[in-house]
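Worksheet: the structure to be examined is printed underneath.
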Amino acid sequence: MGSAALRYFCYGCLFTSVTWTLLLFIYFNVSEESRTFKHVPIKGLEPYKPFPKKFNPRVTRTPFKLSDRQKNNGVRNQFGNRIEDLAEGNSELLPEMGMIFNEQDQEVRDLGYQKHSFNVLISNRLGYHRDVPDTRDPKCGDKFYPSELPSASVVVCFYNEAFSALLRTVHSILDRTPANLLHEIILVDDSSELADLKNELDEYIRTNLPTKVKMIRNEKREGLIRGRMIGASHATGKVLVFLDSHCEVNEVWLQPLLTPIKEDHKTVVCPVIDIISADTLIYSSSPIVRGGFNWGLHFKWDPVPFSELEKSEGVSAPFKSPTMAGGLFAMDREYFNELGQYDSGMDIWGGENLEISFRIWMCGGKLLIVPCSRVGHIFRKRRPYGSPGGQDTMAHNSLRLAHVWMDEYMEQYFAVRPELRTKNYGNISERLSLRNKLNCKSFKWYLDNVYPEMQLPGPNAKAQQPVFNNRGHKRPKIQQRGRLFNLQTKKCLSAQGHPSQKGGLVVVKDCDLNDPDQIWSYNEEHELILSNLLCLDMSETRSTDPPRLMKCHGSGGSQQWLFGKNNRLYQVSVGQCMEVTDPLNLKGYVAMAICDGSPLQQWRFES
Ligand SMILES: [Mn+2]
């Protein structure tokens, strides 16, 4: 009897200790995970407006490539920050993918910006496949496209493109295009200098993409314009689709482009070009706009006149566009040849998009934007590479197009660029005879019928038509208000001087519950605003500069802050964390530094 009691007592002890071990284990493992964004109210949080709620990026990697590259990167550092932590299938974590953990990360990022003008660190971490948010109008989902559509040859020219961005372009096409509509993908290497775009790329294509991808290597740099013509000459599909080398196509992108071409082979179509941020690589919806130009012959985006949209289908029906942006369009291949391809006397880049737009409209075709077709494009802030010899190819090309297509309106261009009046533009006789042969209409006809909104300078300027504007800007909702408390120094982040002083520094000071100048607001755009006045801002070009208080600009990037794991306060555009630089110094300076999780980098939002 006694021994039985003892036995049950021992079982009891054993059970209790197992339970406790289990509880403690769960506590230590799970509480660390759930600390992510502890101070950000996650419910209902929509960090990026265009993301539908269902959006969950699936970040997959090609093991061959990524393991190679990330092995050297030291994927985990001593504080347990792992790249994988950043990709837990949660869209809110995406901006954190730029976080810099070590010197190599810093180098990949900095060199990447130099060479490509976008965040290559994030691009590499994303890998070659990812889901993008479906940005189409809901009406697009109800549309039916003919089952018999012409097949497409997708032509992608590249010059010194980032390896991961190029392969994401290719894989997004393969992942989201019905196989029977995709005849081939033609890559045209315009004599790139980057080593990984040679053997390594060939090897990747041979191993992973042996069937539909063709590679053409130019012996010397030809530029985008002749590069596309070379690509087109190798194509055998019915329709040519030109894409930039840093794009990601969206769901059901090709069918809506092919349908109007099938109906009328003289129709040239452009998708809506969605925005992939150069700093965060976040994919977001573009407003509905159309192409125009100014008298300096620069392309510009215009709002769409209501008259173009007043059809039963609203913004899901294709609408006319006076010009195209140039990088992304689709066109019947025979019509491309019939219409005279491109002007081969144009160099490298610039002006060719206006030239082909004028030619399409004036010579009997039409140019449409198809809102149900969406293709994301990384919009860089500058072109990272010049032209050989550094000549102004844009001026040379524009001059050619003005002389061939603009008739008496050429004078409007010279009024803006008088220095070009006497500049040599080469021989245009072939293009003039093409215009003659195709029996094209006058530039005046084009302006009157296709782009009546174009203003002539002077007193007779026409009144503008009402336009469709879907850009409405609301004030971002405040999500939290309170003090920013540094865990190591136990001080609070404040303005060094007056909080209304633009360009002023921030420092840590003794916390004062009654001081309104220590109250920060954190809003859904991830801005940190002090005393409802200025935004905490980080210079993107000089990341060694400390953060400052600047006027809120509302376009993310330099003013986007995230509360991450280990209480870190992470700045999206520089990929670093804020820390108190010298805790013993009474001045309380802060700066941005590589995220190492140290207590000096830990901040708590205290409401
Ligand atoms: Mn581009």
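The values are calculated or read from the model by the stated rules, or taken from the named source; none is laboratory data. Since this is a predicted model, take the numbers as computed values, not measurements. Please note: Cβ atoms are built from the backbone with ideal geometry, for glycine as well, and neighbour counts cover all protein chains shown.
Things worth noting here:
- Residues of region 288-341 satisfying the condition of being surrounded by 18 or more Cβ atoms within 10 Å (Cβ to Cβ) and within 16 Å of the ligand (Cβ to nearest atom): 291, 324, 325, 326, 327, 328, 329
- Of all residues in region 483-497, those that are of a type in the set (Val, Ile, Thr) have Cβ atoms under 8 Å from Cβ atoms of residues that are assigned to a strand (DSSP E or B), 6 or more apart or on another chain, in 489/508; 489/580.
- Where a residue in region 413-437 is free of Cβ contacts under 8 Å to residues at least 24 places away in the same chain and its partner, wherever it lies, is surrounded by 13 or more Cβ atoms within 10 Å (Cβ to Cβ) and among the aromatic types (Phe, Trp, Tyr), with Cβ under 7 Å and at least six apart: 421/414
- Any chance residue 120 is under 23 Å from residue 221 (Cβ atoms) and in contact with a strand residue (DSSP E or B) (Cβ under 6 Å, 6 or more places away or on another chain): no
- Given (1) in contact with a helix residue (DSSP H, G or I) (Cβ under 8 Å, 6 or more places away or on another chain); (2) modelled with pLDDT of 90 or more; (3) closer than 30 Å to residue 123 by Cβ, index of the condition residue 288 fails: (2)
- Region 313-352: number of residues that are more than 27 Å from residue 391 (Cβ to Cβ) and either in a strand (DSSP E or B) or within 23 Å of the chain's Cα centre (by Cα) (or both): 8
- When we screen 236, 211, 267, 259 for residues that are of a type in the set (Ser, Thr, Tyr), more than 16 Å from the ligand (Cβ to nearest atom) and modelled with pLDDT under 95, the only hit is 211.
- Residue tally, condition polar (S, T, N, Q), touching a strand residue (DSSP E or B) at 6+ places or on another chain (Cβ under 9 Å) and part of a loop (DSSP other than H, G, I, E, B), over region 544-581: 3
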